[in-house]
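A.B. asks: Handing you a structure now.
Just so you know, all these numbers are worked out from the coordinates, no wet-lab data involved. Here the structure is a predicted model, which means the values were calculated and not measured. Don't worry about glycine lacking a Cβ; one is built from the backbone with ideal geometry, like all the others, and counts go over all protein chains shown.
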Amino acid sequence: MRWLTLAAIAALAVFLAGQRVVLAQQPTEIVSVLRPGPLPVTDPFDPAWDEAPAVDVPLGPQAMTIPSLLKLSVPTVRVRSLNNGDQIALLLEWADDTRDDLTVADQQFRDAAAIQFPVGQELPNICMGAAGQLVNIWHWKADWQRDIDQGFQELVNQYPNFFKDFYPGGVTGTPPFTYPTDFDRPEARQFQVGWAVGNPFSVPQRPSPVEDLKAIGFGSLTHKDRQEVGGRGVWRDGRWRVIFTRKLAAPDSESADLRRDQVPVAFAVWNGANQEVGARKQLSGFYTLRIQGQERILGLPRNLVGWLAAGFIGVLAVVVVTLRFLRRRAAAGI
Amino acid sequence: MPRVFNWQINREMEYPYPASPPERQFAAVFDINKCIACQTCTLACKQAWTSGRGQEHMFWNNVETKPYGSYPLAWDVRLLEMLGPQTWEGDTYTGKTIFEAAPPGQVALGFLPEDVDWAHPGLGEDEVYGVVEGGAYFGIPHQVWFFYLQRICNHCTYPACLAACPRKAIYKRKEDGIVLIDQTRCRGYRECERACPYKKIFYNGVTRISEKCIACFPRVEQGLQPFCTVNCIGRIRINGWIHTPDKADPENPVDFLVHIRKVALPLYPQFGLQVNIYYIPPIHVPTKFLRQMFGPRVDKAIETYRKAPEDPELKGVLMLMGATERWVDKFRVQGDYVYGYDERGNELVRVPLKEPIYLRPVYDRQFTVYRHNIT
């Protein structure tokens, strides 16, 4: 058993070393263009996005853990980024013949995309992070987007002729009832257990189509207490275009701080029509996101250096004026 | 992959986690022979737990007619066909379990049902009638029999749902072995539903996460049997804490039926989950069919069950079924009665081994009415 473990670790090390080599050979940098003023965060087809250089990021099927994806269905994702010094936005674009944005029936799975950043300085060598190597994941979901665009999706959206004459306990309204409004009283939610316990998938109020998550390894993905990532996805002519946006500054210690000129970043895409969900996905290796306007001087953020320089000049001026004043008093013999 | 011992197939097998038995294990015995498929269990469960929006298709407890009924559609025959030939040598299973037959990239062999598969819970109900006078119009493999199969989650010792969840959102409770889905951690991946061979995981399209039978744990914690057991009008069910065969307690009613008299058998033991719901097989069904469902001990179980009238202890436990809503830890037969006790040894119930018969005149002079026959 021990030999088997050692062999597995050795194989993993060789695999990862190989990954690094491959990554080093292809363009691995995405530039977030500094563009003062409001960012185009609501329309993924806004011409302003053409100002950002597009990088085609190759994806591979997830095969590190079970369940795994056996057959790749989305080979690349096109990435662009803009920032205005305060906020950053990334645009992910990929080809998908079907828009899968309902998850009511058993066999329905959503289209989705995610961006992953390491939270600390250290680059996790395994996807989903590891113990002591927290990662911050922004996960956009097509069904959450539809909830926002068209109202919370449920049975009547999948089964237009759905009818039910009675629900127990505090449900208001008349058959076949409206969800979620007729189920708003706490006692009416006793059978809507996911909603009652606050599971983010079940709570019908959707502040954002993008879930802000953290992870420290396979199976540890967790909804963050603070949800700070916004976005919008639109499917048009067989392609998804999805915007992710957040302030550059980290809102909490579980989020990636993007006030840096170079940030490692990785991507993943799910094709719902291929029953892809969770670990059944395609993903990229780590890329470098170079954020214009966050360059550092002597290892310090550019604006911090500016403030320090201004402060230094100010202090110097006060000192010079004071010295002159003292010298004048001394010369006058006071 | 770790290896665990599964006594129901009498051998070690592969399972993603090492064995971690709970302090005690929730179990039940259902006597198929006594079921009339009235679905009172089904509705008791439905009313208690699955009356919400998105739970319309859910029957954590269901009763289906065999051989043609199934819910979800063809849950058993689809998997049996995927699994291929299932061979036994004596009490030892020599075929593959669903873990050993797992395809690449999955922990277990399985399939994900679709919404239409959940749309007909009563399909095949009461089908296959007796041959009418003059013979059957056409020939089918099963000429004259059917039986009812009562199904809840098996709260398996080696659950496939738990093994398949990549987030460990499913857990087996240390205190009673009940298998639950953490409703705060579930993200609706449906890996559990794909893996559960009994298809007792239900996706809720409104809350977008999965749900399952909770073994009425709030009742179990109070020393009460689940709703499906206590509402059974045919008194076909009894719950208990089951032990492994080497630690069987002859005074424990479930141990007695499973390990001592061996009349109660696991459903599809070859799947490899070491289930904790046991069935007394129907005595009138061809044992060739039953051997596929309940394993190689079927013939002996039926033989023993048929002799119950001459076996006071076996008769006693069968009479205890449905006799109390309390959880019976021990039983004893003394004289013409069977006694059920709780874990502190307090008497919960006493039942006569033979139901007394009272004969009264058809016409009641005092009330000037005619009586009907009642039982």
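A.B. asks: With θ set to phi - 60° and the Karplus curve 6.51 cos²θ - 1.76 cosθ + 1.60, what are the ³J(HN,Hα) couplings of segment B:356-363 in order, to the nearest whole Hz, using x for Gly and Pro?
C.D. replies: Per residue, the Karplus-derived 3J(HN,Hα) values read x, 10, 10, 9, 10, x, 4, 9 Hz.
A.B. asks: Please work out the C-alpha center-to-center distance from segment B:138-199 to segment A:68-92 and express it in whole Å.
C.D. replies: 37 Å
A.B. asks: For B:E211, which sequence-distant residues (separation of 5 or more, or a different chain) have an amide H within less than 5 Å of its own amide H, given hydrogens modelled in the peptide plane?
C.D. replies: B:F202, B:Y203, B:N204
A.B. asks: Let me ask something additional. If R0 is 45 Å, what FRET efficiency do you get for A:D56 and B:Q222 from their C-beta distance, rounded to 0.05?
C.D. replies: On the way: r = 61 Å, r/R0 = 1.36.
For R0 = 45 Å, the calculated efficiency reads 0.15.
A.B. asks: Taking amide H positions as placed 1.01 Å from N in the peptide plane, with prolines and chain starts having none, which residues 5 or more places from A:Q87, or on another chain, fall under 5 Å of its amide H?
C.D. replies: Residues meeting the criterion, in which the H sits 1.01 Å from N, are A:L248.
A.B. asks: In Å, what Rg and Dmax follow from the Cα atoms of segment A:75-211?
C.D. replies: Gyration radius and largest Cα-Cα distance of segment A:75-211: 19.1, 57 Å.
A.B. asks: Quick check: Cα centre of segment B:246-297 to Cα centre of segment B:14-37, how many Å?
C.D. replies: Cα centroid to Cα centroid, the span is 10 Å.
A.B. asks: Run the simple label-point estimate for A:L326 and A:L308 please: 7 Å along Cα→C-beta, distance reported in nm.
C.D. replies: About 2.7 nm separates the two model spin labels.
A.B. asks: Right, here's the next one. Can you sort B:H155, B:H259, A:H139 so the residue with the fewest Cβ neighbours within 10 Å comes first? Working shown, then result.
C.D. replies: Values: B:H155 27, B:H259 20, A:H139 23.
Result, fewest neighbours first: B:H259, A:H139, B:H155.
A.B. asks: Could you list, in their original order, any pairs among A:K224/B:K199; B:K46/B:K307; A:K224/B:K46; B:K174/B:K330; B:K247/B:K330; B:K34/B:K330 whose Cα atoms are separated by more than 26 Å?
C.D. replies: Numbers: A:K224/B:K199 32 Å; B:K46/B:K307 36 Å; A:K224/B:K46 34 Å; B:K174/B:K330 22 Å; B:K247/B:K330 15 Å; B:K34/B:K330 23 Å.
In this structure, A:K224/B:K199; B:K46/B:K307; A:K224/B:K46 lie more than 26 Å apart at Cα.
A.B. asks: Tell me which of A:V33, A:Q87, A:M64 sits at the most positive position along the dipole axis of segment A:30-94, charges placed on C-beta atoms (Lys, Arg +1; Asp, Glu -1).
C.D. replies: Comparing the listed Cα positions along the dipole, A:M64 ranks first.
A.B. asks: Just want the answer: with Cβ charges of +1 for Lys and Arg and -1 for Asp and Glu, which residue in A:A130, B:I209, A:Y159 is farthest toward the dipole's positive end in the protein assembly as shown?
C.D. replies: Going by the charge dipole, the pick is A:A130.
A.B. asks: Let me ask you something else. For chain B, what is the convex hull volume of the alpha-carbon atoms per residue, in Å³? Don't skip to the end; give the middle numbers.
C.D. replies: Numbers: hull volume 68.5 nm³, N = 375.
Taking the convex hull of the Cα positions in chain B, it is 183 Å³ per residue.
A.B. asks: Which whole number of Å³ per residue matches the convex hull of the alpha-carbon atoms in chain A?
C.D. replies: Values: hull volume 79.8 nm³, N = 334.
Measuring per residue, one finds 239 Å³ for the Cα hull of chain A.
A.B. asks: Now for a different question. Hey, could you get me the Stokes-Einstein D for segment B:216-375, Kirkwood radius over alpha-carbon pairs, 25 °C and 0.890 mPa s, rounded to whole µm² s⁻¹? Don't skip to the end; give the middle numbers.
C.D. replies: Details: Rh = 17.5 Å.
Calculated translational D: 140 µm²/s.
A.B. asks: Taking GluC sites (Glu not before Pro) as exposed when DSSP calls them loop (any state but H, G, I, E, B) and at most 15 other Cβ atoms lie within 10 Å, what is the longest stretch of chain A free of them, the sites themselves excluded?
C.D. replies: Working: sites that count: A:E122, A:E295.
The segment A:123-294 is the longest one with no such site.
A.B. asks: Oh, and also: Mind checking segment B:271-358 for GluC sites (Glu not before Pro) that DSSP puts in a loop (not H, G, I, E or B) and that have at most 13 other Cβ atoms within 10 Å?
C.D. replies: Details: sites: B:E303, B:E310, B:E313, B:E325, B:E343, B:E347; in loops: B:E325, B:E343.
Here the sparse-neighbourhood loop sites are B:E343.
A.B. asks: Sort B:F26, A:F325 so that the residue with the fewest other Cβ atoms within 10 Å of its own Cβ comes first and the one with the most comes last. Before the final figure, lay out each step's value.
C.D. replies: Working: B:F26 28, A:F325 10.
Exposure proxy ranking, most exposed first: A:F325, B:F26.
A.B. asks: Testing the spin-label approximation: label points 7 Å from Cα along Cα→Cβ at B:A248 and B:K168. State their distance in nm.
C.D. replies: Placing both labels 7 Å along Cα→Cβ, they lie 3.6 nm apart.
A.B. asks: A follow-up question, please. Around A:L289, which amide H atoms from residues at least 5 apart in sequence, or from another chain, sit under 5 Å from its own amide H, with H modelled in the peptide plane?
C.D. replies: For A:L289, whose amide H was placed from the backbone, the distant partners under 5 Å are A:I30, A:V263, A:V265.
A.B. asks: Right, another one. What ³J(HN,Hα) values, in whole Hz, does the Karplus curve 6.51 cos²θ - 1.76 cosθ + 1.60 give for segment B:33-38 when θ = phi - 60°, with x put for Gly and Pro?
C.D. replies: 4, 9, 7, 10, 6, 6
A.B. asks: OK, next. Please state, rounded to one decimal and in Å, the Kirkwood hydrodynamic radius that the protein assembly as shown gives when every pair of distinct Cα atoms enters the mean of 1/r.
C.D. replies: Details: mean 1/r = 0.0340 Å⁻¹.
Result for the protein assembly as shown stands at 29.4 Å.
A.B. asks: Need one word for segment A:153-205: rounded, prolate or oblate. Basis is the Cα gyration tensor (sqrt eigenvalues a ≥ b ≥ c); a/c below 1.5 gives rounded, then a/b vs b/c decides. Each step should come with its number before you reach the end.
C.D. replies: Numbers: a/c = 2.23, a/b = 1.23, b/c = 1.81.
Since a/c reaches 1.5 but b/c is at least a/b, the shape of segment A:153-205 is classed as oblate.
A.B. asks: I'd like the Karplus ³J(HN,Hα) series for segment A:154-169: coefficients 6.51, -1.76, 1.60, θ = phi - 60°, whole numbers in Hz, and an x wherever there's a Gly or Pro.
C.D. replies: Listing the rounded values in order: 8, 3, 5, 6, 8, 10, x, 8, 4, 9, 9, 8, 7, 10, x, x Hz.
A.B. asks: What would the Debye formula give as log10 I(q)/I(0) at q = 0.15, 0.17, 0.26, 0.30 Å⁻¹ for the alpha-carbon point model of segment A:124-181, no solvent?
C.D. replies: Listed by q, the Debye log ratios stand at -0.64, -0.70, -1.09, -1.19.
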